[in-house]
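Worksheet for the structure shown next.
Values quoted throughout were computed directly from the atomic coordinates according to the rules given, and no laboratory measurement underlies them. The structure displayed is predicted, hence computed values, not measured ones. We place every Cβ from the backbone using ideal geometry, glycine too, and count neighbours over all the protein chains shown.
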Amino acid sequence: MTRDETFLQFLLRMGDNTLILGHRVSEWCGHAPVLEEDIALANTALDLIGQTQMWLGLAGEVQGEGKSADDLAFLRDAWDFRNVLLVEVPNGDFGRTLMRQFLFDAWHSIMLGRLLKSSDDRVAAIAEKASKEVAYHLERSSDTVVGLGDGTEESHRRMQEALDYLWPYVGEMFASDEVDAEMAAAGVAPDPASLREEYDSLVQRVLTEATLTIPDSRFAHKGGRDGRMHTEHLGHLLTQMQWLQRAYPGATW
Amino acid sequence: MDRATVEQVWEWLDAVPDPEIPVISVVDLGIVRDVTWEGDTLKVAVTPTYSGCPATSVIAMDIETALRDHGIDKIKLETRISPAWTTDWLSDKGRAKLKDYGIAPPQPAGGPDRCPHCGSTAVEKVSQFGSTPCKAHWRCTDCREPFDYFKCI
Ligand SMILES: [Zn+2]
């Protein structure tokens, strides 16, 4: 791969993570257990979609084929997406949605913190903007995970089940490949594996406070961030997200 | 016609209300970052508050409409994301207007210092997020009124 192709892969990974998670979270709009949570989820989704516009906007520029962020979001098929599997799994109950949010926010905040020092000014600028929003996301998802984990017998049970279900999807966020190696060598982005220690201590601290137990396995489902094998859920998600462009190709607002 | 001075343009922009919190202007909000003439084209740099804020495109349209109404027809709007918007850029005039409107202005401590309705310091957070991306939802335990708090970022 050329340098631009590698950079494009990195940008798609960032933008597809926020796009797919933003879409998943927006599925709660009008369905959350209480109004405040509904608003909070909608606002979180909105931030993530906004960040997507920046990442995929830059991806389109780097690609140099005249594609906009919208083109990349709506006109690609499942195998072209580069998001981690964690963000595409279905929401499950409210507890699982918030657990996934916490596991992602923790990674996201650490990643963006490192990207502030990217050798690429455009990446650093997006990270600067996004990290302020993600600090709020993490504060809220941590609080909620603690509240529900250390809550009633039922909420505790559901949060532990959510953690057990989602934990095997955590490892992929730290699995490095040749794209990461090249980005790290160029000073554009950190090697994801180098974020793991900070992540583990953050997650351990919050989950301990939430009286939850991290599963004792490092097994990781992979295949999202390199596009080799997404779960069946991504295709279903895209039929919703891309419905308009598939039914009316080229339709504009 | 002579082209308007940059000062005059800032004054015009200070009359463009924020679409979601119309008591303050887009200048009060600190999102207009730069106004310059480039030949006969007026360049205005605008920064978004939150990256996904749906008001951003409405604001751009409102700015353009206002400037056209003042006779400027060559306008170039630039979205500038760095340096990232901070609530430090809210004007003092804007902060006072927010408070009068019932929205607690941002505080470095991370929460409102007092209830914008009765002035009590007995306030508590209801939710990290409020009616728009830039606000959180709080309530006063003295006068029992809920209120929006403009988050500090
Ligand atoms: Zn009060």
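Points to keep in mind about this one:
- In the stretch A:65-145, Cα pairs under 8 Å separated by at least six residues give a relative contact order of 30 percent.
- 222 nm mean residue ellipticity, helices alone, for chain B (DSSP H n ≥ 4; -39,500 (n - 2.57); rounded to 500): -6500 deg cm²/dmol
- Relative contact order computed over the stretch B:92-153 (Cα-Cα under 8 Å; 6+ residues apart), in percent: 32
- For the protein assembly as shown: rounded, prolate or oblate by the Cα gyration tensor [a/c cutoff 1.5]: oblate
- Averaged over B:43-51, number of beta-carbon atoms from partner chains that fall within 10 Å: 3
- Cβ distances below 4.7 Å define possible disulfide partners, and in the protein assembly as shown the cysteines left without one are A:Cys29, B:Cys53, B:Cys134, B:Cys152.
- Label-point gap, in nm, between B:Asp88 and A:Met229 - each point 7 angstrom along Cα→Cβ: 5.0
- Across the stretch A:196-212, rounded Karplus estimates of 3J(HN,Hα) from the backbone phi angles (6.51 cos²θ - 1.76 cosθ + 1.60, θ = phi - 60°) give 4, 5, 5, 4, 4, 6, 5, 5, 4, 4, 5, 5, 5, 4, 7, 6, 10 Hz, Gly and Pro being marked x.
- Computed from backbone phi, the HN-Hα couplings of the stretch A:71-88 come to 4, 5, 6, 9, 10, 10, 9, 3, 5, 8, 7, 10, 7, 5, 4, 3, 7, 9 Hz, rounded to whole numbers (Karplus: 6.51 cos²θ - 1.76 cosθ + 1.60, θ = phi - 60°; Gly and Pro given as x).
- Packing here is the average count of other Cβ atoms within 10 Å per residue, and on that basis the peptides A:138-151, A:216-229, highest first, run A:138-151, A:216-229.
- The stretch B:76-128 versus the stretch A:4-25: alpha-carbon centroid distance in Å: 32
- By the count of other C-beta atoms within 10 Å, a proxy for reagent exposure, A:Tyr199, A:Tyr165 are ordered fewest to most as A:Tyr165, A:Tyr199.
- The stretch B:6-88: relative contact order as a whole-number percent, Cα under 8 Å and 6+ apart: 30
- Shielding score for B:116-127, defined as the mean number of other chain Cβ atoms within 10 Å: 1
- With a threshold of 29 Å on the Cα-Cα distance, the over-threshold entries among B:Lys43/B:Lys93; A:Lys222/B:Lys135; A:Lys132/B:Lys99; B:Lys43/B:Lys99; A:Lys117/B:Lys93 are A:Lys222/B:Lys135; B:Lys43/B:Lys99; A:Lys117/B:Lys93.
- Taking the DSSP bridge list for the stretch B:24-153 and keeping only pairs wholly inside it, about 70 percent are antiparallel.
- Global geometry of the stretch B:102-150, whether rounded, prolate or oblate, following the gyration tensor of its Cα atoms and the 1.5 cut on a/c: prolate
- Residues whose placed amide H lies under 5 Å from that of B:Leu42, excluding near-sequence neighbours: B:Lys74, B:Ile75, B:Lys76
- Distance from the stretch B:1-35 to the stretch A:171-248 (C-alpha centre basis), Å: 42
- Per-residue [θ]222 nm for chain A (sum of -39500 (n - 2.57) over DSSP H runs n ≥ 4, rounded to 500): -21000 deg cm²/dmol
- Candidate aspartates and glutamates for bridging to B:Lys97, where Cα separation is under 13 Å - those fewer than 8 sequence places away on the same chain excluded: B:Asp18, B:Asp28
- This model, with +1 at the C-beta of Lys and Arg and -1 at the C-beta of Asp and Glu, gives the stretch A:3-247 a dipole about its Cα centre of some 160 debye.
- Around the amide H of B:Glu145, modelled in the peptide plane, lie the amide H atoms of B:Cys140, all under 5 Å away and 5 or more residues distant in sequence or on another chain.
- Amide H to amide H, with H built 1.01 Å from N, B:Val126 comes under 5 Å of B:His137, B:Trp138, B:Arg139, counting only residues 5 or more places away or on other chains.
- Number of partner chain Cβ atoms within 10 Å, mean per residue of A:30-40: 2
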